[in-house]
Structure formats: C-alpha cells, structure tokens
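Trainee: Sharing a structure, written as structure tokens. Questions coming.
Each reported figure results from applying straightforward, stated rules to the coordinates on display, with no laboratory input. What you are looking at is a predicted structure, and each value in this text was computed from that prediction instead of being measured. Using ideal geometry, Cβ is built from the backbone for each residue, glycine included, and neighbour counts are taken over all protein chains shown.
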Amino acid sequence: MRCNEVHELIVAGSLTALAQEHLDACPQCQSFARDEESLRAGFELLAKNEVPEPSGGFAARVLRGLDEAPARMFEPLEIIGRRAVLAAGALAMTVMMALALSSSGPLREGRQGAFSLTRGESAETVEILLAGGVDENEEINLMPVSVNGGDSR
Amino acid sequence: MEYSAGRDAQELEWIRDAQRGNRDAFGALVERHQRRVFAVIFRVTGDRDQVEDLSQEVFLKAYRAVRSYNQSASFGTWLSRIAVNHCYDYLRSRRSTRNRVESFDGSPEDLESPAKSFPASGPDPERAALLRDMVSKLLARASEEDRVVVALKELNGMSVEEIAEILELKVGTVKVRLHRARKRMLEDFRKMQGGGAHAV
C-alpha cells in the first residue's frame, strides 16, 4: 500500500488492517497520522469556545428593524419604476428629434444630404472598414458638411 | 433539534401568522431560533464581534422571505440556510476588503508571520492554546466553501445529513467536500509546521 492511499484513509478516519500494517512500519505516515490527530484535537479545542449569547431584547431589536423592511421590499419596484421613467423620457426625446429632423426642424431637405451616403458610398465605406483600410489613428470627420457655402445659419 | 408534536404545531402556527405579516409571531420564531442562528454565524465566521449584527440581518432577510417558506425543510434548517448564505457574503466581502487574514476567533494575524510550533505531547494549557490558535488560523485561511463545511461539522457538531440539508447538497457530496477540506487543512497545517508538526 502506498503512503498517499494511507493518508486518504487517515483523513477519512477509517484505517483498514492493511493500512494499519503500513502505518506501523512507515515513519512518514506515522508523522502524518499524528498531525491529523493534532488537527482533530485543535478542532475540539476550538469547538469549546462558547457561542455568544443573544443580548437581552435581541428579538425586540429584530422586530424594530423590520420597520425598515417594507421600504426595502419595494426597492426593486422603485428601481423598475425609475428605469421605466428614464426609458419613456428617452423615447419621447427620440420621437421629438425624429419629428424635428424630418420636416420642420432646423435641418431641412437639402441639408440632410450632408449626413447621408448614397447606397454605393455606404457599401464602399463598409468595405474599407471591413478591409481595415482606415488607420486607427486617423481622424474620421463626421461633422456635417455645409451644403450652401459653409454657412449653416 | 427534536420537536414534540405540540412544539411543531405551535411553530407552524407562528409561521403561518408570520406569513400573514404578524410581527409578534415572527418575534416568537426569533426567540426560538436565535441561538441556532448565533451558533451557525459564530462557528462559520469566527467573528465574535459581528455575530449579533449578522444574526439580526439574517432574521430581517428571513422575515422578507418568510412567505416563500414551504416547509420542505424544518424552519430551523431554512433559517440556517439563510445564515450560511449570509456568512458566505460576509466572508467574501471581508476577504476582498482586507489584506490581512483574521484569526478565527481572535485578533487579526498576518498571514506571513511564522507559525509557532507546539510541543509534541502533553495536555498542558500552553500547548492547547497554541493548537487552538493554529487551527483558528487554518480556518481563516481556508476557502469559504471549505470553512463552511468544516465549521458546521467540527465546530458546530452538525451531522453530515444536517449539513447536506442546509447546503441543499447530497450527503455524498458533503462527505467528499468535508474530506477534501480536511485534507487541504491538514496539508496547510503541516506546511505551517515546516513539513510536519512533530518534526519541529
């Protein structure tokens, strides 16, 4: 029997006759067994440390603490509510922007072209990007191009 | 913990009342189970100063969740489960916020400090104190998972079956975890002693 196998049995606390035979003749395993015994004794000593007793009125303090509980219980609902308000606000802003840009906003028909690429240009841009043809350090100008001589007012 | 039929009936009534929001009934449950929760928290964290605060938090969690208690386990086991989970959170946060490791039931100890050896034999108080200190350090250094199973079994005196119920694991799984944890701690114990406790 090998030492490792005997160690397993020592930790498990279930030595077989064969393991005991090995243990009797093996100083390393005897040292291991003594350490296991010491560890076991250490646990027993630590277990003797007395558990602290609840101080007087502990249950009453717990009940007083429950007063905060209802507020906390609704915390998830509050978070959901807050998110819903933010989402609604963002949606409203998007709708307003869309309406402003489409017909009566400051950017009218002629200027819309400054932002948009034709289908061919768009495909070309995608191809360049996919091919890695743009240097990471190169600035890409995404500012709107003035249609009428650079004066956007 | 054994319950008589009358005790069970009384507890069930308190549980039902607590589930309807009756705080006095919940208070009675706190009174009945506070020592159990204190014991689990103290044994698992080893932090005497925090036991009361942590226990209070456990009962607050239990109150918020009491409607979900479905009697698949005893109320005490259910509470112990909440307590153990709370200990995991506490131990993880403590580990992440501290560079030093606390000894299991005492003052903070530097992990790098050399371990003291103890005399190989003799049940003298000095040896006992050193041994207790070393095992306390071992538990403090162990992973949370190892610490929980070992503390519940070796310090709190729970059976493997009880631990399995609390941790919602199979009995065999708990046995394996316990064996591995004990083995790791023994290896650590021998390292602390420079290869073998009795070689020093």
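Trainee: Using the structure shown, select from B:137/B:183; B:137/B:175; A:48/B:153 the pairs with a Cα to Cα distance greater than 21 angstrom. Working shown, then result.
Mentor: Values: B:137/B:183 16 Å; B:137/B:175 23 Å; A:48/B:153 14 Å.
The pairs that break the limit, which is 21 Å between Cα atoms, are B:137/B:175.
Trainee: List B:51, B:58 from most exposed to least, where exposure is judged by having the fewest other Cβ atoms within 10 Å. Could the numbers behind the result be given before it?
Mentor: Values: B:51 22, B:58 26.
Exposure proxy ranking, most exposed first: B:51, B:58.
Trainee: Would you please state the base-10 log of I(q)/I(0) at q = 0.15, 0.24, 0.30 1/Å for the range A:3-47, with intensities from the Debye formula using one equal scatterer on every alpha carbon?
Mentor: So the normalised log intensities are -0.36, -0.78, -1.05.
Trainee: Using the 10 angstrom Cβ neighbour count as an exposure proxy, how do B:94, B:36, B:16 rank, fewest first?
Mentor: Values: B:94 15, B:36 19, B:16 12.
Least to most surrounded, the residues fall as B:16, B:94, B:36.
Trainee: If you plug each phi of the range A:12-17 into the Karplus form 6.51 cos²θ - 1.76 cosθ + 1.60 with θ = phi - 60°, what whole-Hz ³J(HN,Hα) values come out, in order, with x for Gly and Pro?
Mentor: Each residue's phi maps through the Karplus curve to give 6, x, 9, 6, 8, 4 Hz.
Trainee: Hey, another quick one. Please order A:97, B:192 by the number of other Cβ within 10 Å, starting at the fewest.
Mentor: Numbers: A:97 11, B:192 18.
Fewest-to-most Cβ neighbours within 10 Å comes out as A:97, B:192.
Trainee: Here is a further query. Could you compute the FRET efficiency for residue A:8 and residue B:159, with r as their C-beta to C-beta distance and R0 at 30 Å, rounded to 0.05? Walk me through the intermediate numbers first.
Mentor: Values: r = 22 Å, r/R0 = 0.73.
Efficiency at R0 = 30 Å is approximately 0.85.
Trainee: With θ set to phi - 60° and the Karplus curve 6.51 cos²θ - 1.76 cosθ + 1.60, what are the ³J(HN,Hα) couplings of the range B:39-48 in order, to the nearest whole Hz, using x for Gly and Pro?
Mentor: Each residue of the range B:39-48 in turn: 5, 4, 5, 5, 5, 7, 8, x, 9, 4 Hz.
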